Every structure is written in structure tokens, then in C-alpha cells.
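The values are calculated or read from the model by the stated rules, or taken from the named source; none is laboratory data. Nothing here was measured: the structure is a model prediction, and the numbers come from that model. All Cβ positions, glycine included, derive from the backbone under ideal geometry; neighbour counts span all protein chains shown.
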Amino acid sequence: MATTLAERMNHFSGSPTSALIATVAELKRQGKNIISLNVGEPDFGTPDYIKVAGIKAIAENFTKYTPGNGILELRQEIVKKLKEDNGVEYALNEVTTAVGAKQAIASSLMVIAGPGDEVLLPIPCWVSYTEMIRLAGAEPVFVPVRSDNYELDMDAIEKAITPKTKAIVICTPNNPTGAVYSEKDLRRLAELAVEHDFFIVADEIYEKLVYDGAKHFSVASISREVRDRTITVNGFSKAYAMTGWRIGYAAARPDVIKGIMAVQSQTTSATSAISQKAAAAALQGPQYDLHDMVAEFKKRKDYVVGRLNAIPGITCPNVKGAFYVYPDVGPYLGKHVGERTIETAVDLCQYLLDEALISTVPGEAYNVPGKIRISYSNSMENLKEALDRMEKALSALE
Ligand SMILES: Cc1ncc(COP(=O)(O)O)c(C=O)c1O
């Protein structure tokens, strides 16, 4: 018999969206004309001025280890950005870079939560939070968001607070729903955090992708006492189309940052020196690529929301952020085609993959079944074709 794995692996699972990416890649390799609506990254290239900074770093041999929290030049840019864009003042020792926002969140949770602690998670939520909380030894406590518009349900959050509540993880603009949380709700959340003394992990990775006049609000900007209970996480993956560069950051009070640096120093060390130079250039440079990308995403969102709501039985809130929508497909569950019964959103996504050759993510991945996540990070032409195919496949279900 093979030597057994660690006990924790009985309760820990890999990212379902990463697994789907591998499945779709394999189907495409086999020659299937799949249109990917499961994509979690911008379909735009990294802007040229950022790429040039990366190339220059390589040419100048800026290719060695850096300090664990990142190079001074980049941390200075991040401090400036957080002040100018988000209205939050952080000192240099209150910021650390990381191998993507993902590592910053995982390290943060290791630092602030452990066995016996509960961490509130508004759901649906990004696939990784749940497992990160468990890996830290704490217990995730799911709190559904409002079903009509995917905004925070503040009464439900208040009810879920117990003496064990150590933190809440919020993501705004949200993956997977696209909702942008209101300043009013975030202010109420901050009051609760101060009253009951828990941390807010604010994942702001989609901050720049907002439409229709929506405004991103940083919870840490409310007051000093809120700031000191908040870990503001952000990165370069979505705003600058830099997913593969693996660079993000966290900002928080010094003891939290020191803790994050300790975790990182014993696991990954600093992120790539080359990516750090490129990230500094991203913040210093012109932001017009970002503005073009936002304008394009807005057009696509309007198109996709319009098309989805025109399909009988589907309802899709017209959300204002990120590049996802999360339509309710409930009326299609329990339907049949031939021998096939569609019981769950997982079945529906598999059916759409098999029959319409479009890849979507079932709501189960985000802890809320009966819905699917559609990413509009794809060309207008592909989105049009994908929605035609989806409409046809759904109309075959009875
Ligand atoms: C909500 C959310 N947070 C964090 C991340 C990770 O970002 P990064 O590429 O900076 O690790 C993602 C990526 O999909 C995300 O959707």
C-alpha cells in the first residue's frame, strides 16, 4: 500500500476553475472549437510600456533575489497609488508585494486566523478563499449575498457574527458576480468590524474594472481604526493584464505586514525581480491602455447582459464591475434532452460544453448552485457566437 498523504488533504481540494482551464485546453488541442467563457483574466495583452520595463530589467541583470517585501521603488509607487486612488495613507513598512494577490490573501489569512476562529465569507465567492481559510486552520462561515443584485446582505452578516469571528473576506468588484459593493454597506461593515473587533480582508483586484458610473470604494479609507483592521489586497493581473507576471500586494498595519513577510520569507521569498520592475512601470506609466480596456469591457457587458436576459427563463442582474456575470439558470434545472437530465448547474455547464462547445463555470464552484458564471473576457465576435450557441442548446431542453 502506498504511503498515505497528510490528513489535511482529506479536506482540501484544488481550484475547480484551474481544473476547467486544463480541460478546455485539452479539448482545444483535440481540435474542438470551444469558446471560453470561463476565463479569469483579461483577453488583452500586457501594455507595451510595461513589457519594455520587464525586458529592460532582464537586459540589466535585474534578475536576482530582492527584499522579501519588494523593491523600494515599487513599494513607493504602491504607497502613492493607495493614497491617490484609494484615499488611504500607508507607510512603506505597511506594504508588501507578493506572488500575486492570491498569495497576499493566503498569507494574510495565515497571519490573522487559525484554529478556533471563524472567517465570514459572503457567497458566492471566489473559489480560493474557502480553501485558504481552511488551510490556515480556521472555519469559513458562508453568508449569502442578496439574490436580486448580489450586494452584501448586511443583516445576514450581522447575524452571522459570533465571539469567534476573526475576519471577513470581501471582494469588490466581485468575482464571480460582478457586483460593486456600495459605500453605504461598506461603512456599515466597517462599523461592525470595529464593534466586534474583527479584520476585513478587502480584495480589490478588480477595482479598476467598473462601468456605468459605478465607483469603487476602499473600506480602509473610512478611518484610522477601520484601516488598522483592514488588509487591503490588490495586484496587477486584472488592471494591467499581467496575470502571468505573478505580482500583487497587501497593505495593512505593520504587525500584519511583518507576519505576511514572515510567511512569505519561509515559503516563496519575494516575487520575481523582473515583475517588480514591470509593476513599478505599470503604476508610473500612462493609463490609457486601461481606459481602452474598460471601454471595451463595458460594451461587452451590456451586450452579454442584454442577450442573457432575452433567453427565456434566464435572469441576469446588470452588475457594474469585473468581467463576469452570474445569471440564474434555475428554470433549466430538472429539464431533459434525450436521455440526458440536467439536475444541477454542474450538469448544465457540462451540457453547454458538450453540445454548444462553450465553457462556463457552475455556481457550485462559488458555493451558490443554480447559477453559472460567464466571463465576457472574449472578443465581441466570440461572445455573439457563444450566446447564439447557448440560446440554441438551451432551447433544446424540455
Ligand atoms: C477575486 C480574485 N482575487 C484574487 C485573484 C488572484 O489574482 P492574482 O493573479 O494577482 O494572484 C483573482 C484571480 O482570478 C480573483 O478573481
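Please state which one of A101, A138, A179 is under 26 Å from G244 (Cβ atoms) and in contact with an Asp or Glu (Cβ under 7 Å, 6 or more places away or on another chain).
The conditions single out A101.
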Item checked: Residues located in region 83-125, provided they are more than 16 Å from the ligand (Cβ to nearest atom) and part of a helix (DSSP H, G or I) -> K83, E84, D85, N86, L92, N93, E94, V111, I112
Notebook entry, point to check: Between a first residue in region 95-117 that is free of Cβ contacts under 8 Å to residues at least 40 places away in the same chain and a second residue that is part of a helix (DSSP H, G or I) and within 8 Å of the ligand (Cβ to nearest atom), which pairs have beta carbons less than 9 Å apart while being 6 or more apart in sequence or on different chains?
Noted result: A106/S128
Check: When the residues of region 242-277 are filtered to those that are β-branched (V, I, T) and under 29 Å from V226 (Cα atoms), which remaining residue is nearest to the ligand (Cβ to nearest atom)?
Finding: I247
Note to self: Quick test of your reading of the structure: F12 fulfils all but one of (1) within 16 Å of the ligand (Cβ to nearest atom); (2) in a loop (DSSP other than H, G, I, E, B). Name the failing condition by number.
What the structure shows: (1)
Item checked: Cross-chain or 6+ apart pairs with Cβ under 7 Å, region 249-268 first and farther than 21 Å from E204 by Cα, then part of a helix (DSSP H, G or I) -> V263/S107; V263/M110; V263/V111; T268/Q103
Notebook entry, point to check: If you go through region 252-279, how many residues are within 27 Å of V52 (Cβ to Cβ) and not in a loop (DSSP other than H, G, I, E, B)?
Noted result: 7
Note to self: Here is a list: K238, K208. Which entry is surrounded by 24 or more Cβ atoms within 10 Å (Cβ to Cβ) and under 14 Å from the mean Cα position of the chain (by Cα)?
What the structure shows: K238
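Need a quick list: strands (runs of 3 or more DSSP E) entirely within region 322-393 having at least 3 residues that are within 16 Å of the ligand (Cβ to nearest atom) and within 28 Å of G45 (Cα to Cα).
On the way: elements: 335-337, 340-342, 372-375.
Strands (runs of 3 or more DSSP E) meeting the threshold: 372-375.
Only one residue in A239, A214, A202 is hydrophobic (A, V, I, L, M, F, W, C), modelled with pLDDT of 95 or more, in a loop (DSSP other than H, G, I, E, B) and within 16 Å of the ligand (Cβ to nearest atom), so which one is that?
Exactly one of A239, A214, A202 is hydrophobic (A, V, I, L, M, F, W, C), modelled with pLDDT of 95 or more, in a loop (DSSP other than H, G, I, E, B) and within 16 Å of the ligand (Cβ to nearest atom), namely A239.
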Next item on the list: Tell me which residues, restricted to region 126-141, are within 16 Å of the ligand (Cβ to nearest atom) and touching a strand residue (DSSP E or B) at 6+ places or on another chain (Cβ under 7 Å).
Entry: W126, Y129, T130, I133, P140
